[in-house]
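J.: Quick one: the structure is below, questions incoming.
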Amino acid sequence: MLWRTIRSMEVMAHSSNFLLPKLHQPAKTPANNYTLVVLNQQLPRFMPRLWAQAKMRICADGGANRVFDEMSQMKNDLDRNRYIPEIIEGDMDSIRPEVKRFYSSQGSKISDKSHNQETTDLHKCISSIRHRTPDHEKPNLCVLVTGALGGRFDHEAANINVLYVFSDMRIVLLSDDCLIQLLPKTHHHEIYIESSVEGPHCGIFPIGAPSTSTTTTGLKWNLSDAEMRFGSMISTSNIVDSDKVTVQSDADLLWTISLRNLT
Amino acid sequence: MEPHHPRRAPTGAMDPPTPAGARPAMSHSSAFLLPSSATPAGSGDAYAVVVLNQRLPRFAPLLWDRAQVRVCADGGANRVFDGMPELLPGHAPDDVRSRYKPDVIKGDMDSVRPEVKEYYSNLGTKIVDQSHDQDTTDLHKCVAFITDKSPGPDKSNLCILVLGALGGRFDHEMGNINVLHLFPNIKIVLLSDDCLIFLLPRTHSHNIHIERSVEGPHCGLIPIGTPSTSTTTTGLRWNLDNAHMSFGGLISTSNIVDEDQVMVTSDSDLIWTISLRH
């Protein structure tokens, strides 16, 4: 057997307990210590819960239209005043004037970044969040994003690229069907599976560059020092087989897991 | 679907990059999206349609009419059964269903409703149960089937149009994009209501003809799987000139088509995407 030196690598732990109803969250976890960013697509069905438990809520431009139009319908309550984002940020070319006026009058801060056409609305929001967060709080920072997947493919790719550009931040993209997040190659990853709300379908993708060596535990079809590359093998339609999945790789990987039972 | 005994991907160097001058040209066109009156008869392209298990885009009947082969991957058959009559509300549902009848329903059959399977089977649709084969995705099986079936060794005029490959579960979407990389010599286009995507293999220089009445202006070039050290384009608002592209760095999104022809040459396989007009 060939022994190899195992580089001691810092462990990065991941958990989706932010998706659990508040009652079921483990005590003393910073589970609601997340900032929610809403992009301009139909709100996922679990949005009311995500909104209620967030530390801060930011609408990226047209995301404000979505909250204005859809949130109160989801809750069967017509009171828009209950769902006011703290910040509306972006280039403001999608938000409807009456929506902007309403939220502004309700106290939302309008952060107009239309002078900057180089970056996407999500990029601007993440950059601002990072800029506003004191250094000592940065390790606990978690950003959940809705509306980043589906729709126009170039938007989706740009949103995924934000995960790579800000690879030292925890950013989770959420849809009705799944969540995705980056597993940077700099860390050994432990992913704690909340089986009441996620799984069993999962996958791991070397979107940026191929992997010559990826090793996992906790999956139905684990990888053992495996090569992964688009044009060859990538891990799709895998199944979580344990409460904890571990991943270690020489490449940055995108992790995805299906969502369930969320309202 | 994962292999039961995962093995290392084939080792060995990838093909060395083709020098730019030596690359043959490949042309691309979305003429299949034009209303049938607008396309010349016998234009030479042979189309196949594959329907995966997501809501049909609004132009599904147009593409179906244009195709010579129509394959539903498992639950895609439910989508055709339910969705075609909805898209053609002026006609009796049974008339629509018999007119839009798949040639084949293929896959592991765990999503197609039994009554849908029986309905099409009675109309003559071939049912190919592949539940024993868990090594490849449904789309992969369909593309392999269509290419095996198409006559002659030259597949250069075959174009496979895929509905339902984007959106939904992200691992499915990635698996579908990987099929584009696994079959770089077959034209495969993934379509949704909002956009289409296809692969621009690095082995060729590409001429993309833009059908402005149905597509654009938003477009992008995405290096999925491998960074590009050199990509050059013409015809875009923000052209690339021997540019580096990678995740974590620059990728070309929210670009705009400025001319009727876009040309792309790259040292890396790229995904081209363009928005569709509503």
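A short reminder: the numbers here are calculations on the coordinates, not readings from a lab. Keep in mind that this is a model prediction, so the values were computed, not measured. With ideal geometry, Cβ positions are generated from the backbone for all residues, glycine too; neighbour counts draw on all protein chains shown.
J.: From the square roots a ≥ b ≥ c of the eigenvalues of the alpha-carbon gyration tensor of region A:32-176, which class results: rounded (a/c under 1.5), prolate (a/b over b/c), or oblate? Intermediate results must be reported in sequence, preceding the final value.
T.: Values: a/c = 1.37, a/b = 1.28, b/c = 1.07.
Rounded, because the longest to shortest axis ratio a/c is under 1.5.
J.: On to the next question. Which value in nm describes the separation of the simple spin-label points at B:SER156 and A:ASP135, placed 7 Å from the Cα toward the beta carbon?
T.: Inter-label distance under the simple model: 6.2 nm.
J.: Oh, and also: According to the square roots a ≥ b ≥ c of the eigenvalues of the Cα gyration tensor, what is the shape class of the protein assembly as shown, taking rounded for a/c under 1.5, prolate for a/b larger than b/c otherwise, and oblate for the remainder?
T.: Numbers: a/c = 1.36, a/b = 1.26, b/c = 1.08.
Cα axes put the protein assembly as shown in the rounded bin.
J.: Compute the acute angle (0 to 90°) between the alpha-carbon long axis of helix B:138-149 and the principal axis of greatest extent of the alpha-carbon atoms of chain B; round to the nearest 10°.
T.: The angle comes out at about 90 degrees.
J.: Continuing with the same structure: Once you place label points 7 Å from the Cα toward the Cβ at A:THR217 and A:GLU98, how far apart are they in nm?
T.: Here the modelled spin labels are 5.8 nm apart.
J.: Against the longest alpha carbon principal axis of chain B, how many degrees, from 0 to 90 and to the nearest 10, is the axis of helix B:170-182 turned?
T.: Around 70 degrees separate the two axes.
J.: Here is a further query. Go ahead and estimate [θ] at 222 nm for chain A from helices alone: -39,500 (n - 2.57) per DSSP H run with n ≥ 4, summed, over the residue count, rounded to 500. Spell out each step's value before the answer.
T.: Details: 5 runs with 44 residues, N = 263.
It lands at -4500 deg cm²/dmol.
J.: How would region A:109-190 be classified by its alpha-carbon gyration tensor: rounded, prolate or oblate, with rounded meaning a/c under 1.5 and the a/b versus b/c comparison settling the rest?
T.: Judged from the Cα gyration tensor, region A:109-190 comes out oblate (a/c at least 1.5, b/c at or above a/b).
J.: Let me ask something additional. Neighbouring Cβ atoms within 10 Å as the yardstick, rank A:LYS113, B:LYS149 fewest first. If you can, show how the numbers build up before the last one.
T.: Working: A:LYS113 19, B:LYS149 12.
Taking fewest neighbouring Cβ atoms as first place, the list is B:LYS149, A:LYS113.
J.: Further, regarding this structure: One-quarter of the Cα convex hull surface for region A:177-262, in nm²?
T.: Working: hull surface 20.0 nm².
So the Cα hull casts an average projection of 5.0 nm².
J.: Using a cut-off of 22 Å between alpha-carbon atoms, which lysines can reach A:LYS113, once sequence neighbours fewer than 8 places away in the same chain are excluded?
T.: Answer for A:LYS113, where 22 Å is the Cα cut-off: A:LYS100, A:LYS124, listed by chain and number.
J.: Using +1 on the beta carbon of Lys and Arg, -1 on that of Asp and Glu, and nothing else charged, what's the dipole of chain B about the Cα centre, debye to 20? Intermediate results must be reported in sequence, preceding the final value.
T.: Details: 24 positive and 32 negative charges, 47 e Å.
So the magnitude is around 220 debye.
J.: If amide H atoms are built 1.01 Å from N in the plane of the peptide, which residues on other chains or at least 5 residues away come under 5 Å of the amide H of A:TRP221?
T.: Residues meeting the criterion, in which the H sits 1.01 Å from N, are A:ILE239.
J.: Treating each Cα of chain B as an identical point scatterer and ignoring solvent, apply the Debye formula and state log10 I(q)/I(0) at q = 0.07, 0.12 Å⁻¹.
T.: The Debye formula, applied to the Cα set alone, gives -0.26, -0.78.
J.: Apply the Karplus curve 6.51 cos²θ - 1.76 cosθ + 1.60, θ = phi - 60°, to the phi angles in region A:138-145 and return the couplings in whole Hz, x for Gly and Pro.
T.: 4, x, 8, 5, 9, 10, 9, 10
J.: Averaged over all directions, how much area does the convex hull of the C-alpha atoms of chain A cover when projected, in nm²?
T.: Numbers: hull surface 61.9 nm².
Result: 15.5 nm².
J.: Also, quick follow-up: Could you give the angle, 0 to 90 degrees to the nearest 10, between helix B:76-87's Cα long axis and the longest principal axis of the Cα atoms of chain B?
T.: 80 degrees
J.: Also, I was wondering about something else. Estimate the FRET efficiency between A:MET74 and A:VAL11 by the formula 1/(1 + (r/R0)^6), using the beta-carbon distance for r and 30 Å for R0, to the nearest 0.05. Kindly include the intermediate steps, with their values, before the conclusion.
T.: Numbers: r = 37 Å, r/R0 = 1.24.
The calculated FRET efficiency here is 0.20.
J.: Rank these for me by crowding, A:GLU98, A:GLU156, A:GLU190, A:GLU10, going from fewest to most other beta carbons within 10 Å. Please report the intermediate quantities before stating the final value.
T.: Numbers: A:GLU98 10, A:GLU156 25, A:GLU190 16, A:GLU10 7.
In increasing order of surrounding Cβ atoms, one gets A:GLU10, A:GLU98, A:GLU190, A:GLU156.
J.: My understanding is that a pair violates if its Cα-Cα distance is over 30 Å; which of A:LYS220/B:LYS187; A:LYS75/A:LYS138; B:LYS101/B:LYS187; B:LYS117/B:LYS141; A:LYS185/B:LYS141; A:LYS55/A:LYS244 do that in this structure?
T.: Values: A:LYS220/B:LYS187 33 Å; A:LYS75/A:LYS138 33 Å; B:LYS101/B:LYS187 24 Å; B:LYS117/B:LYS141 18 Å; A:LYS185/B:LYS141 33 Å; A:LYS55/A:LYS244 27 Å.
Flagged as over cut-off: A:LYS220/B:LYS187; A:LYS75/A:LYS138; A:LYS185/B:LYS141.
J.: Quick one: check the C-alpha center-to-center distance for region B:197-239 versus region A:235-258, whole angstrom.
T.: The distance from the Cα centre of region B:197-239 to that of region A:235-258 comes to 31 Å.
J.: I need the calculated FRET efficiency for the pair B:SER131 and A:SER105, taking r as the beta carbon distance and R₀ as 41 Å, to the nearest 0.05.
T.: That pair, B:SER131 with A:SER105, gives E of 0.10.
J.: Say each of A:GLN42 and B:SER121 gets a label point 7 Å from the Cα, pointing the same way as Cα to Cβ; how far apart are those two points in nm?
T.: 3.2 nm
J.: Then there's this: Take the Cα atoms of region B:155-278, build their convex hull, and give its volume per residue in Å³. Write out the running numbers ahead of the final one.
T.: Values: hull volume 13.2 nm³, N = 124.
It is 106 Å³ per residue.
J.: Based on other C-beta atoms within 10 Å, arrange B:LEU88, B:LEU240, B:LEU163 from fewest to most. Numbers along the way, then the final one.
T.: Details: B:LEU88 16, B:LEU240 21, B:LEU163 28.
Lowest to highest Cβ neighbour count: B:LEU88, B:LEU240, B:LEU163.
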